[in-house]
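Structure first, then comments.
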């Protein structure tokens, strides 16, 4: 699943990196994310002999777990087979970090998913969106801001890699995907 906020005004913000990555993945797979159910928009595609669901929760970031829980419960998907693609302010634009599990790390969307599915043991692809310009800068204002032209170029590299990394997790597992994509940069 890709995390973000619904609505045109949020499309190009830092917080919507997950939505943008899942859209690229859908494009690569020829999948439309256009079914409205599970408090989200989702699509389904056959991938390597199995069903792959692509989800964009429409609950707004802080309640993303509700949508994830509904889809995963309906299709009996265990947490370890849920892959989260989302923004990370601790990484510069263009960088990725892949993890097999972990805490929310202050990310409210991930916090919601952990609370709803009852586990933090799900793979994640963290997409660098850059740190706040200074410690006093309001975090909400930062993640809802847009990218500079240079950042946008770097982000595009990361979004492409995030889509590929999600498939690498499915195909070859988290360790191999992490070895390949962690630290890569434009």
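Only one entry in 91, 85 is closer than 25 Å to residue 171 by Cβ and in contact (Cβ under 8 Å) with a residue 40 or more places away in the chain, namely 85. Against the conditions (1) part of a loop (DSSP other than H, G, I, E, B); (2) within 21 Å of residue 66 (Cβ to Cβ); (3) at pLDDT 95 or above, where does residue 137 fall short? Just the number, please. Just one mismatch for residue 137, condition (2).
Annotation: of all residues in the stretch 121-138 being over 10 Å from residue 87 (Cα atoms) and touching a residue at least 40 places away in the same chain (Cβ under 8 Å), the one that is nearest to the chain's Cα centre (by Cα) is 124. Selection of the stretch 10-32 for residues being free of Cβ contacts under 8 Å to residues at least 60 places away in the same chain and closer than 20 Å to residue 130 by Cβ yields 11, 19.
Scanning the stretch 176-186 for residues that are surrounded by fewer than 22 Cβ atoms within 10 Å (Cβ to Cβ) and touching a residue at least 24 places away in the same chain (Cβ under 8 Å) turns up 178, 181, 182, 183, 184, 185, 186.
Of the strands (runs of 3 or more DSSP E) lying entirely inside the stretch 1-98, those containing at least 1 residues that are buried (at least 17 other Cβ atoms within 10 Å of the Cβ) span 40-47, 50-57, 84-88. Has the stretch 166-186 got at least one residue that is outside any loop (DSSP other than H, G, I, E, B), under 14 Å from residue 21 (Cα atoms), out of contact with any strand residue (DSSP E or B) (no Cβ under 9 Å at 6 or more places or on another chain) and modelled with pLDDT of 95 or more? Among the residues of the stretch 166-186, not one is outside any loop (DSSP other than H, G, I, E, B), under 14 Å from residue 21 (Cα atoms), out of contact with any strand residue (DSSP E or B) (no Cβ under 9 Å at 6 or more places or on another chain) and modelled with pLDDT of 95 or more, which makes the answer no. Here is the figure for the stretch 33-48: residues that are at positive phi and in contact (Cβ under 8 Å) with a residue 40 or more places away in the chain total 1.
Kindly check whether there is at least one residue in the stretch 115-127 that is at positive phi, in a loop (DSSP other than H, G, I, E, B), touching a strand residue (DSSP E or B) at 6+ places or on another chain (Cβ under 7 Å) and crowded, with 21+ Cβ neighbours inside 10 Å. Within the stretch 115-127, none of the residues are at positive phi, in a loop (DSSP other than H, G, I, E, B), touching a strand residue (DSSP E or B) at 6+ places or on another chain (Cβ under 7 Å) and crowded, with 21+ Cβ neighbours inside 10 Å. Counting residues in the stretch 49-56 that are touching a residue at least 40 places away in the same chain (Cβ under 8 Å), under 14 Å from residue 114 (Cβ atoms) and in contact with a helix residue (DSSP H, G or I) (Cβ under 7 Å, 6 or more places away or on another chain) gives zero.
The values are calculated or read from the model by the stated rules, or taken from the named source; none is laboratory data. Since we're looking at a predicted model, the values are computed, not measured. Quick reminder, even Gly has a Cβ in these numbers, built from the backbone with ideal geometry, and neighbours come from all protein chains shown.
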